[in-house]
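Structure, as structure tokens:
The values are calculated or read from the model by the stated rules, or taken from the named source; none is laboratory data. Source: prediction; values computed, not measured. Neighbour counts run over all protein chains shown; Cβ positions are idealised from the backbone, glycine included. Calculation scope for accessible area: heavy atoms of the full protein, side chains included, ligands and nucleic acids excluded. Shrake-Rupley method; radii C 1.70, N 1.55, O 1.52, S 1.80 Å.
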Amino acid sequence: MLLSDDTLEKIRAEISRYPQPRGALLTALHVAREELRGLSPELFAELAPLFGLKTREVAEVASFYSLFNQPPARAIIQVCTNLPCCLNGARAVVRALEARLGIRAGSATADGRFALVEVECLGSCASAPVVQVNQQAYLENVTPEFAAGLTVSPEAALGARQPAAVNSWFPPEVAGYLLPPGDARWLELGSYGAQGGWQALARAAAMAPGDLCKLVQESGLRGRGGAGFVTGMKWTFMPPKDGRPRYLAVNADESEPGTFKDRQIMERNPFLLIEGIMIAAHAILADAAFIYVRGEYVDAYRILRQAIADAYQAGILGEQARALGRRLDVHVQRGAGAYICGEESGMLESMEGRKGQPRKRPPFPAQRGLWDQPTTVDNVETLSHLPAIVQNGAQWFKTQGAEKSSGHTLFGVSGHVKRPGVIELPLGTRLSDIIFKHCGGLPEGRRLKAIVPGGVSMPVLKAEQADVAMDHESLRAAGTLLGTGGVIVLDDRSCMVRAALVVARFFAHESCGQCTQCREGTGWTLKILRRIENGQGKPEDLDAIADCCFFMDGKCICALADGAAWAARAFLTQFRGEFERHIKEGRCPFPESFEV
Ligand SMILES: Cc1cc2nc3c(=O)[nH]c(=O)nc-3n(C[C@H](O)[C@H](O)[C@H](O)COP(=O)(O)O)c2cc1C
Ligand code: SF4
Ligand code: FES
């Protein structure tokens with residue numbers, strides 16, 4: 001036997017929490033990997049019978065997830081090289097580590113002490129560049145010098161600490177209701193109750209579920225996970241209650257590059273999310289909620305687990321959940337490094353212990369969701385608006401934002417600004433105010449060139465468009481979308497071909513490969529952009545990129561392909577002159593640009 005009795009016990013306890021054993025498979029792989037410092041065919045064979053699976057089925061699931069496929073080493077140093085980190089010097093960090101370790105990223109030292117890996121956005125873009133060693137807390141604002149210190153010994157790397165100061169806030173003129181006031185790291189149960197927590201739950205529980213759905217629909221709350229669908233409307237898709245269990249699946253995967261807002265709620269205000277979950281569970285008559293947290297968010301996972309344990313202890317959750325007077329369970333699951341597991345049906349697959357490949361729809365989750373039961377999927381931030389809506393009413397909520405985009409939102413701002421962070425502001429706030437008023441503008445001597453307004457899937461805007469109001473309608477009219485509200489700012493020295501290239505590299509890496517157009521289109525887009533950036537582009541390459549976008553957009557199982565197409569197409573059309581210059585001059589004309 002490879003696993004200790006303790007670990008086996010932990011795995012069995014996890015299995016008992018799910019309707020089907022497979023629900024605990026990812027957790028089991030995490031726990032086993034931590035004990036054995038790696039995964040192996042022998043381990044898969046040992047785990048398989050616990051889940052009623054064949055060895056190859058366990059191996060197949062493990063093969064899908066980045067965190068289970070890193071070179072084995074005592075200290076695995078993972079450097080984020082997505083756009084906001086590259087804008088802040090991530091490449092120099094990778095170079096310093098490669099030089100010190102004598103290896104290229106993607107490999108391990110011969111003695112097995114270190115591995116060096118480039119990873120996609122870690123969801124901490126305001127403190128870029130970000131590094132994570134094994135599954136430890138993030139190292140933030142990392143310099144090449146600090147990174148070099150990690151290579152002294154695996155123990156030094158594992159013991160290193162470099163947390164950023166709290167970087168989420170609401171300005172004095174905004175009555176924030178999502179973030180806790182001040183710079184408290186996290187609001188504990190006692191403080192949450194003292195500040196008015198749980199009053200909304202009591203009020204919601206006194207309402208009929210149908211009336212609660214109506215209230216949320218009237219408030220105009222739209223999903224904050226990226227698509228902006230009207231939440232109350234989505235809830236009405238749940239079938240009438242029958243004998244089957246019903247679930248709320250909470251999307252805490254947060255992997256869209258430039259997006260790091262849900263983490264602020266989970267780490268700083270976890271009971272707000274729990275109260276929101278309980279209100280939603282009452283509205284849709286859910287028997288249990290499952291929160292799917294991305295694997296890299298170790299602090300959010302730990303804090304949420306603690307908060308949920310505290311809530312059980314206090315009788316808020318469990319057999320006679322407070323106010324609801326019936327059983328309600330909330331569970332947390334961990335992902336394992338796959339952006340596609342944020343797509344709702346990919347997430348459901350992953351929650352069931354499978355590869356996170358999106359499902360064809362119909363059936364939609366409300367008809368056949370988690371373990372084939374009626375399920376509603378809501379984003380962390382979306383649910384966290386519910387206590388304020390129930391307390392203050394639908395009309396109040398509508399006055400908090402723009403006409404068809406009600407309420408506040410958490411804008412995550414990263415890239416070339418003096419004060420990056422997550423800021424709670426009303427929807428409809430001008431983009432220029434976010435950048436210049438709230439984030440201090442660009443570093444001295446630099447001018448604004450481009451802005452990605454809502455995570456890298458959303459079409460880039462030019463500096464001249466920065467006066468746009470940040471709400472669904474205004475952004476659509478400007479040719480882009482609000483997405484996750486993750487704003488990435490690029491200054492005048494930035495090369496737009498490089499920016500497009502980093503984004504394309506991300507999509508090529510994260511495509512789950514089911515649809516030919518997406519698998520091939522993301523790969524070809526990346527290949528062509530690399531060629532152009534390296535000075536080997538041909539004039540016909542620009543049409544080839546446009547063709548890839550055409551074949552990906554709207555023709556695949558899920559919207560990852562759409563996002564890949566929108567992003568590449570927007571860089572090309574908004575900054576076509578720069579692409580043409582690369583081809584004509586046979587080199588990148590921006591020597592001072594960030595490196596990729
Ligand atoms: C490729 C892809 C990745 C996504 N990632 C996330 C994510 O990390 N978190 C999230 O809440 N929604 C994500 N979504 C959107 C979800 O599919 C879904 O719309 C959302 O979770 C619904 O919750 P909401 O209505 O509260 O926004 C993603 C969608 C796609 C296509
Ligand atoms: S569009 Fe891409 S990510 Fe989505 S299912 Fe198809 S191949 Fe997978
Ligand atoms: S944390 Fe590196 S890009 Fe987001």
For region 169-184, state whether one or more residues are part of a helix (DSSP H, G or I), surrounded by 13 or more Cβ atoms within 10 Å (Cβ to Cβ), over 25 Å from the mean Cα position of the chain (by Cα) and in contact (Cβ under 8 Å) with a residue 12 or more places away in the chain. no
Would you say residue 210 is within 17 Å of residue 382 (Cα to Cα) and either out of contact with any Leu (no Cβ under 9 Å at 6 or more places or on another chain) or surrounded by 15 or more Cβ atoms within 10 Å (Cβ to Cβ) (or both)? no
Among the residues of region 277-291, are any closer than 19 Å to residue 123 by Cβ, within 14 Å of ligand 1 (Cβ to nearest atom) and either hydrophobic (A, V, I, L, M, F, W, C) or open to solvent by 20 Å² or more (accessible area, probe 1.4 Å) (or both)? yes
Filter pass, residue 253 being in contact with a Lys or Arg (Cβ under 9 Å, 6 or more places away or on another chain), within 16 Å of ligand 2 (Cβ to nearest atom) and either within 12 Å of residue 384 (Cα to Cα) or of a type in the set (D, E, K, R) (or both): yes
Which residues, counting only those in region 121-162, are in a loop (DSSP other than H, G, I, E, B), touching a strand residue (DSSP E or B) at 6+ places or on another chain (Cβ under 8 Å) and either among the aromatic types (Phe, Trp, Tyr) or under 16 Å from residue 71 (Cα atoms) (or both)? 134, 138
Identify, from the list 243, 220, the residue that is small (Gly, Ala, Ser) and open to solvent by 50 Å² or more (accessible area, probe 1.4 Å). 243
What's the total number of residues in region 374-410 that are of a type in the set (A, V, I, L, M) and more than 15 Å from ligand 1 (Cβ to nearest atom)? 4
Please specify each residue of region 315-353 satisfying the condition of being out of contact with any Gly (no Cβ under 9 Å at 6 or more places or on another chain) and assigned to a loop (DSSP other than H, G, I, E, B). 315, 316, 317, 319, 320, 323, 324, 325, 326
I need every pair where a residue in region 249-276 that is within 14 Å of ligand 3 (Cβ to nearest atom) and open to solvent by 10 Å² or more (accessible area, probe 1.4 Å) has its Cβ under 9 Å from the Cβ of a residue that is of a type in the set (Ser, Thr, Tyr) and in a helix (DSSP H, G or I), sequence separation at least 6 or different chains. 255/339; 256/339
So the check is Cβ under 6 Å with 6+ separation or different chains; which pairs have a first residue in region 129-143 that's farther than 14 Å from residue 82 by Cβ and a second one that's polar (S, T, N, Q) and open to solvent by 20 Å² or more (accessible area, probe 1.4 Å)? 139/162; 140/162
Matching residues, region 518-564, being open to solvent by less than 30 Å² (accessible area, probe 1.4 Å) and of a type in the set (S, T, N, Q): 522, 525
Hey, residue 474 part of a helix (DSSP H, G or I), among the polar types (S, T, N, Q), surrounded by fewer than 24 Cβ atoms within 10 Å (Cβ to Cβ) and without any contact (Cβ under 8 Å) to a residue 40 or more places away in the chain or not: no
List the pairs whose first member sits in region 205-227 and is farther than 27 Å from residue 454 by Cα and not assigned by TED's automatic domain parsing to the domain that holds residue 384, whose second member is β-branched (Val, Ile, Thr) and part of a loop (DSSP other than H, G, I, E, B), and whose Cβ atoms are under 6 Å apart, counting only residues at least 6 apart or on separate chains? none
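Yes or no, residue by residue, for (1) in contact with a Leu (Cβ under 9 Å, 6 or more places away or on another chain); (2) hydroxyl-bearing (Ser, Thr, Tyr); (3) at pLDDT below 95:
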| residue | (1), (2), (3) |
| --- | --- |
| 490 | yes, no, no |
| 497 | yes, no, no |
| 501 | yes, no, no |
| 504 | yes, no, no |
| 510 | yes, no, no |
| 516 | no, yes, no |
| 519 | no, no, no |
| 535 | no, no, no |
| 547 | no, no, no |
Within region 527-555, count every residue that is closer than 16 Å to residue 496 by Cβ and either of a type in the set (Phe, Trp, Tyr) or within 14 Å of ligand 2 (Cβ to nearest atom) (or both). 1
Odd one out for residue 508 among (1) crowded, with 21+ Cβ neighbours inside 10 Å; (2) within 19 Å of residue 65 (Cα to Cα); (3) small (Gly, Ala, Ser): (1)
Residue check, residue 223 against (1) out of contact with any Phe, Trp or Tyr (no Cβ under 8 Å at 6 or more places or on another chain); (2) closer than 24 Å to residue 404 by Cα, all met but one. Which one? (1)
Condition check for residue 34: open to solvent by 40 Å² or more (accessible area, probe 1.4 Å), in contact (Cβ under 8 Å) with a residue 60 or more places away in the chain, out of contact with any helix residue (DSSP H, G or I) (no Cβ under 6 Å at 6 or more places or on another chain) and farther than 30 Å from residue 457 by Cα: yes
